[in-house]
Each structure stands twice: as C-alpha cells, then as structure tokens.
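**Q** Below are the structure tokens for one structure; questions will follow.
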C-alpha cells in the first residue's frame with residue numbers, strides 16, 4: 001500500500017523485455033520490496049548501488065503507461081507504507097485502473113489546474129472532492145465534467161513530481177479511490193433491499 005506522496009523523481013536507466021531499471025537516491029530498498037513507479041506497484045527483483053530493477057507483466061504493459069517510457073524518462077517513485085508511516089495522502093494500492101490523457105494545464109495564481117480526459121467506465125467512480133491517484137500522486141478532484149475531471153495542484157507537488165514535465169495530450173496512469181468500487185459492488189448486490197440502516201451499519205454514512 002502507498003499514500004500517493006511522491007518521495008523521488010527517478011530516472012529510467014534501461015527498459016527492455018518487460019523489465020525496467022530505475023536510478024534513484026532512495027535508500028533501504030531491498031530485493032522483494034514494493035515500489036510504486038508512476039503509480040504502478042512493482043517488485044524490486046534486483047537492487048543496485050544507484051537504484052533497482054523491476055519486472056512488469058503483460059497485463060501491466062497493456063493497462064498502464066510503463067511500456068511507453070524510454071531510457072531517460074522521469075518517473076514518480078514511492079516506497080511502500082510502513083506501520084510507522086504518516087498517512088498524508090490517501091490509501092493507494094498501486095493497482096492502476098487505466099490511462100487518462102491531459103486535456104489542459106493552466107497556472108492560476110500559484111496553483112496549477114489540470115484537466116483530464118477520462119473514459120466513462122472510470123469517470124463514474126470520480127466525484128468532486130474525492131481522491132484520485134494520477135501517476136501515483138494523491139490528488140483531490142476539484143471538478144467533474146462530461147469529458148473527464150479536473151484537479152488543482154499546489155506548487156510543491158507540481159515541482160517535485162513529473163507533473164513539472166507534463167504537457168497537454170500526455171498520458172498518465174489513474175487509480176480511482178478503491179472505496180468507490182466497493183460501494184458500487186455493495187449497492188449492486190443489495191440494490192433490492194438497500195436501506196439507510198444497511199448503509200449506516202456498513203460504515204458508508
């Protein structure tokens with residue numbers, strides 16, 4: 001599990017045959033550790049002096065932007081949560097739900113408004129003021145539209161993540177708030193006898 005608070009912007013040293021090597025100054029990564037790379041949970045299969053190596057499956061290849069990376073690409077990195085970690089963002093699993101495309105990036109005062117095009121199958125899980133992870137970054141949804149949704153990013157987050165290098169039409173990984181999917185499954189299963197008491201009893205309200 002992760003928080004969506006990026007620890008470092010790493011550099012792709014090599015990517016080939018469903019394996020990626022990343023350079024990063026992050027310490028304490030050992031073989032078998034989980035590391036979120038642009039929001040994708042990967043397992044370190046080898047650790048080097050200046051970074052680590054991870055494999056990614058055909059499913060990950062198909063449903064994320066990892067295979068579109070090149071040598072020299074910058075990536076958001078976050079090590080997995082520990083029991084002593086502060087949960088400053090929101091619970092992020094590292095299981096990417098799909099890909100969105102940046103519609104527009106606009107600077108408003110010191111903040112950055114980013115609009116995303118998003119397919120309906122994922123947009124249904126996104127609500128205003130809800131949480132979403134984009135390329136592993138925990139963000140709060142500021143607006144929802146028929147084409148997708150928008151977020152505001154503070155200067156610190158913008159400058160210390162790969163958002164600083166993004167532009168219109170670039171693609172990004174998205175993970176919707178897992179709670180929304182559980183609520184959907186629960187309500188569909190209990191749609192014929194759903195009551196206020198059931199919702200309260202299961203912690204939804």
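Every number in this text was worked out from the coordinates using simple rules, so none of it is lab data. The structure presented is a predicted model; accordingly, all values stated were derived computationally and were not measured. Note: ideal-geometry Cβ built from the backbone for every residue, glycine included; neighbour counts use all protein chains shown.
**Q** Can you tell me the orientation of helix 178-189 relative to the chain, as the angle in degrees between its alpha-carbon axis and the longest Cα principal axis, to the nearest 10?
**A** Relative to the chain, helix 178-189 is tipped by roughly 40 degrees.
**Q** Can you give me the distance in nm between label points at residue 31 and residue 17, each placed 7 Å from the Cα along the Cα-to-Cβ direction?
**A** If labels sit at residue 31 and residue 17, their model points lie 1.8 nm apart.
**Q** How much of the pair distance distribution for the chain lies past 22 Å, counting alpha-carbon pairs only, in percent? All intermediate terms of the calculation are to be shown ahead of the outcome.
**A** Working: 10523 of 20910 pairs.
Distances greater than 22 Å cover 50 percent of the Cα pairs.
**Q** I'd like the distance between the alpha-carbon centres of segment 9-41 and segment 44-59, rounded to an integer number of Å.
**A** So the separation of the two Cα centres works out to 5 Å.
**Q** With runs of 4+ DSSP H residues as the only contributors, calculate the mean residue ellipticity of the chain at 222 nm using -39,500 (n - 2.57) per run, divided by the residue total and rounded to the nearest 500. Mind showing how you got there, number by number?
**A** Details: 5 runs with 33 residues, N = 205.
That calculation yields -4000 deg cm²/dmol at 222 nm.
**Q** OK, next. Taking 7 Å along the Cα-to-C-beta vector as the label spot, tell me the residue 70-residue 108 distance in nanometres, rounded to one decimal.
**A** With each label point 7 Å from Cα toward Cβ, the separation is 3.4 nm.
**Q** Going 7 Å from the Cα of residue 187 toward and past its Cβ, which residues in segment 98-128 have a backbone nitrogen under 15 Å from where you end up?
**A** Taking a point 7 Å out along Cα→Cβ of residue 187, the residues of segment 98-128 whose backbone N falls under 15 Å are 122-128.
**Q** Multiply the residue gap between residue 46 and residue 93 by 0.36 nm, knock off their C-alpha separation, and tell me the result in nm, one decimal place. Intermediate values should be presented prior to the final figure.
**A** On the way: separation 47, 0.36 × 47 = 16.92 nm, distance 2.20 nm.
Working it through step by step, the gained length comes to 14.7 nm.
**Q** Here's something else I'd like to know. So, by mean Cβ neighbours within 10 angstrom, what's the order for 68-79, 134-145 with the highest one leading?
**A** On the way: 68-79: 17.8, 134-145: 20.6.
Highest mean packing first, the order is 134-145, 68-79.
**Q** Can you tell me, using C-alpha contacts under 8 Å and at least 6 residues apart, the relative contact order of segment 8-79 as a whole percent? It would help to have the intermediate numbers written out before the result.
**A** Values: 146 pairs, mean separation 30.0, N = 72.
Reported relative contact order: 42 percent.
**Q** What's the ranking of 109-120, 38-49 by average number of surrounding C-beta atoms within 10 Å, highest first?
**A** Values: 109-120: 16.2, 38-49: 17.9.
Answer by packing, highest mean first, reads 38-49, 109-120.
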